[in-house]
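Worksheet: the structure to be examined is printed underneath.
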Ligand code: HEM
Ligand SMILES: [Cu+2]
């Protein structure tokens, strides 16, 4: 029967586990999961489009591609721009980072504005059959993500003015940038689905 | 420790003996269960029934064998491998056995391959389901040509919240489904509101009826009698009342029924849900919300709600 | 390895942990300690088990006689819908999250979860959506009453035409539950991937951790599909869109795909941790290594992958084309293979062991026995021609209760008893535990075994009234249900009185191997703190000469000293 034993020889080093610093892992896992919602919507869109006896609402044969195309170009290029912002941050060029980062935000905002203009010019609504619902659901849900991305970028921009903000690494900026790429990729798929496949 | 038991198990002869007895008993009982399983099912009244029942009996036999094999082993362990009260020592430290593990991966694999091949072949024999055509909901229900051969039909099966109506090729409406025995009858399954399911336990057949689609369906009744047709997909407040009868008759009587029914005036058909709803209204409309039941169907043959049924 | 006998004098020591049960206030706060959150989840879930059980008694009261005489059928429909919803989303998922919270950090040696604040948030969403769900009893028109499937068009009929209705609150509650589950899943997966003790490679993890990982990955992959479906359903119900409404070209069957794409895997989200519990407990109580550790571990992922491609077996008679039915029949049956690997491994673990029939072991054995039965009826249901007959009948109800209650809930009870001493620091009363087991086993068997025959004879599920030929099976089932109701009394008595005034528990009352058993009972706030053991072997080496961690003796003594 053992209770206390001071003479035990130990040969282990005390093990240690990091408490934090897991944000990026968690965020990537979350994004994978989030993409399934879009995937579900995309599948829903395709199934309904293929099988619906009526698809476009009355008086409409398709939707205009020009304006969304400009939007697409802006959003996709913003994904490259944000990459340079990150690069500046790595090089500790804070102002360079802030300016390019802000340009990304502007491009994102332009996208939202373009989306708004497109919506306000459309002649069908959320209630216009399966297509109407799907169109607004997909673009709206994606638009929400864009807005979230812009807000997060704003937050990162403000925090960049805090002293010592990057002491613990650049995880925040990296995550937001990852999110932005994600939003971008989703848009490309969405654009293909709604606008190109008519 | 239970050395006595251990010794018995160690002796090769008695071990094989016990196992063979157990296996023989298990096989016997499993076969019996397979045989009894036919009596757990309703009367076989369609050509599908005996396929389904054979398949079910087959699975019952195999299932019983596996279940008894596993639980018998567990029972054996519980009887012979119990630790005495203050014994806290360890058992035999077996970590695994690759050969065994491969066997019990492969055998179930082969087994399910076998079962699914068997049931796929049954599926191809039955082929009750014809086509499912979506149509624009606002417009007329389209006429769907059935590609498969059938002897009688198509009969329109109209399901509603909560009553059934059957419209025959010659235009008569009925609250009960009359069918000629041994003839392949064809249906167009239609719903006017939510999803319902056309389920006749004695036929072993069930098919959901989907709003916005016409589904063609064929089946061959093989036994005369009265069988229940039950809605099997939850369809709201009076779902459990959404039942009627299938009356399978000899060809002669069936055609006689057709001829006589044509002459009948349209009248109110079966609508037990409607009656219950009227009662609810009379009692002060208590309860939670429900859509109003569809009005009584207008039919030539009103049917008999309390007709005794065979299954 | 060496197993240290504890000094009986230590057992009687003072309350080992200054923040023990006396400090009950922390259970009502936004506490970020996974052990507190775990207990919060479990207690909340057990409360909802009582509510859901009460609804079950009402359901069975109605069904004890053929006509619908106790309630109006609309009320019956609301009751069974809420029963199913409460049992799944307010009892089973939360209680499993609770067990996972309690067990994962200590079992892998982590001080806490990766994201403690998110963890607390995930828990506090439970009372929020529970209240929303319960409030739906009081809105005009009553609660949701289209079954937990909530299939359109029946679920979007909205008879009173009000914006706020039971169905709407139901969808909101389910979506919040989904958010809570996703937060939980991100947390669990990150914790398991990133915070294991030194030396604990994947093939040294306890099987419970394997199964949690497999289950939570399923949540991450499947749940968003349901959320997507729920959003669309919400729009159809509230904003008049027509995703599933045929009037505008929508398709009601599409919802069924979304729903089952998640809800079939959901069954495995619930059952996988229970497989983990079985794999933990059988070795302990038969004093033997887990048979074929690696096979059992990998089989969990076999189940995860397969369960993502079987959902159409819930739709064999919705007009699904023949090839699809055959394909999904085959994939469904394939799940029997990894599952069989596990079942046979457990039986082989028991074989030749030194079986101790404690309460947790009884629940495990009962659960395994029932699971084999439920698994066999599951293969029958996967068989298309058989399913076409018994689908949507009481055979299905009987089958899934054999899984969901007779297996999953049994496993959960086993886990509660097994780890009760560890996390409360108190021993429970064996006698009461055994009474609880006996009543539960008898009640559950009487409740659900007879219903198989009702289903085979063609009694549809979800009915408020039925033809008199089914009466006998329903009377038996109702008696079983009432016995189950009674079974909750010894359980509650046992839990409450043991926690309040039970004997203090030693660190390792069952002489089990595992990191959590190297900690004092209850474990300190950060488990091993700054001295985490280095794992050498998987935690099942009973009777083998393989040490579990480096300097095991040191940790054992430390746990006894801190005690
Ligand atoms: C005392 C215990 C229980 C009794 C007597 C009971 C009884 C019932 C009954 C009679 C139904 C209605 C079936 C129908 O009409 O189709 C039902 C449905 C259901 N039960 Fe239970 N049950 C119990 C425990 C549980 C537990 C522990 C769970 C799970 C976690 C559970 C989950 C469900 C689900 C998911 C449904 C389906 C609801 C639906 O069809 O929409 N039940 N139960
Ligand atoms: Cu399933």
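Here, each number is a calculation from the coordinates, and none is a lab measurement. Every value quoted in this text rests on a predicted model; they were computed, and no experiment measured them. All Cβ positions, even for glycine, are placed from backbone atoms using ideal geometry, and neighbour counts span all protein chains on display.
From its DSSP helices (H runs of at least four residues, each -39,500 (n - 2.57)), chain C gives a residue-normalised ellipticity at 222 nm of -21000 deg cm²/dmol.
Tell me the Kirkwood hydrodynamic radius of the range C:102-142 in angstroms, computed as one over the mean inverse distance between distinct C-alpha pairs. Taking the inverse mean of 1/r over all distinct Cα pairs, the range C:102-142 comes out at 12.6 Å.
Compared with the rule-of-thumb size 2.2 N^0.38 Å for a compact globular protein, the range C:29-125 has a Cα radius of gyration ratio of 1.42. In chain C, the longest principal axis of the Cα atoms and the axis of helix C:359-382 are about 30 degrees apart.
Where the convex hull is taken over the Cα atoms of the range C:203-357, what is its projected area averaged over directions, in nm²?
Computing the convex hull of the Cα atoms and averaging its projections yields 11.1 nm².
I need B:209, C:403 ordered by Cβ neighbour count within 10 Å, fewest first.
C:403, B:209
Over chain C, the Kirkwood radius and the radius of gyration, each from Cα atoms, give a ratio Rg/Rh of 0.97.
For the range C:138-185, the Stokes-Einstein estimate of translational diffusion at 10 °C and a viscosity of 1.306 mPa s comes to 138 µm²/s, using the Kirkwood hydrodynamic radius over alpha-carbon pairs. Per residue of A:46-56, other chain Cβ atoms within 10 Å of the residue Cβ number 4 on average. Could you state the angle between the C-alpha long axis of helix C:93-108 and the longest principal axis of the C-alpha atoms of chain C, as a value from 0 to 90 degrees rounded to the nearest 10? In chain C, helix C:93-108 runs at an angle near 20 degrees to the longest axis. Which of the three applies to the range B:124-213, rounded, prolate or oblate, going by the alpha-carbon gyration tensor with a ≥ b ≥ c and a/c under 1.5 meaning rounded? Cα axes put the range B:124-213 in the rounded bin. When every Cα-Cα distance of the range B:215-285 is counted in 5 angstrom steps from zero, the calculated P(r) takes the values 3, 12, 13, 18, 19, 16, 10, 6, 3, 1 percent. Here is how the number arises for chain A: DSSP H runs of 4 or more residues each give -39500 (n - 2.57), the sum is divided by the residue count, and the result at 222 nm is -24000 deg cm²/dmol. Within 10 Å of the Cβ of each residue in C:279-287, the mean number of Cβ atoms contributed by other protein chains is 2. For the pair the range C:332-411 / the range A:120-196, the C-alpha centres are spaced 45 Å from each other.
The convex hull defined by the C-alpha atoms of the range A:1-117 has an orientation-averaged projected area of 17.7 nm². Principal-axis analysis of the Cα atoms of chain B puts helix B:272-282 at an angle of about 80° to the longest axis. A viscosity of 1.002 mPa s and a temperature of 20 °C, combined with the Kirkwood radius over C-alpha pairs in the Stokes-Einstein formula, give chain A a diffusion coefficient of 109 µm²/s. Sorted fewest first by neighbouring Cβ atoms within 10 angstrom, C:383, C:440, C:358, B:105 come out as B:105, C:358, C:440, C:383.
A prolate overall shape is assigned to the range C:422-563, the ratio a/c of its alpha-carbon gyration tensor axes (a ≥ b ≥ c) being 1.5 or greater and a/b exceeding b/c. When only alpha carbons are used to place a centre, the range B:215-238 and the range A:22-88 end up 45 Å from one another. Cα centroids of the range B:75-126 and the range B:181-197: 43 Å apart.
Is the shape of the protein assembly as shown rounded, prolate or oblate, going by the alpha carbon gyration tensor and its root eigenvalues a ≥ b ≥ c, with a/c under 1.5 for rounded and a/b larger than b/c for prolate?
It comes out oblate by the Cα gyration axes.
Each stretch of four or more DSSP H residues adds -39500 (n - 2.57); spread over every residue of chain B, this sum gives -13500 deg cm²/dmol at 222 nm. Hey, could you get me the Stokes-Einstein D for the range B:163-311, Kirkwood radius over alpha-carbon pairs, 10 °C and 1.306 mPa s, rounded to whole µm² s⁻¹? Result for D is 98 µm²/s. Counting only other chain Cβ atoms within 10 Å of each residue's Cβ, the peptide C:189-197 averages 4.
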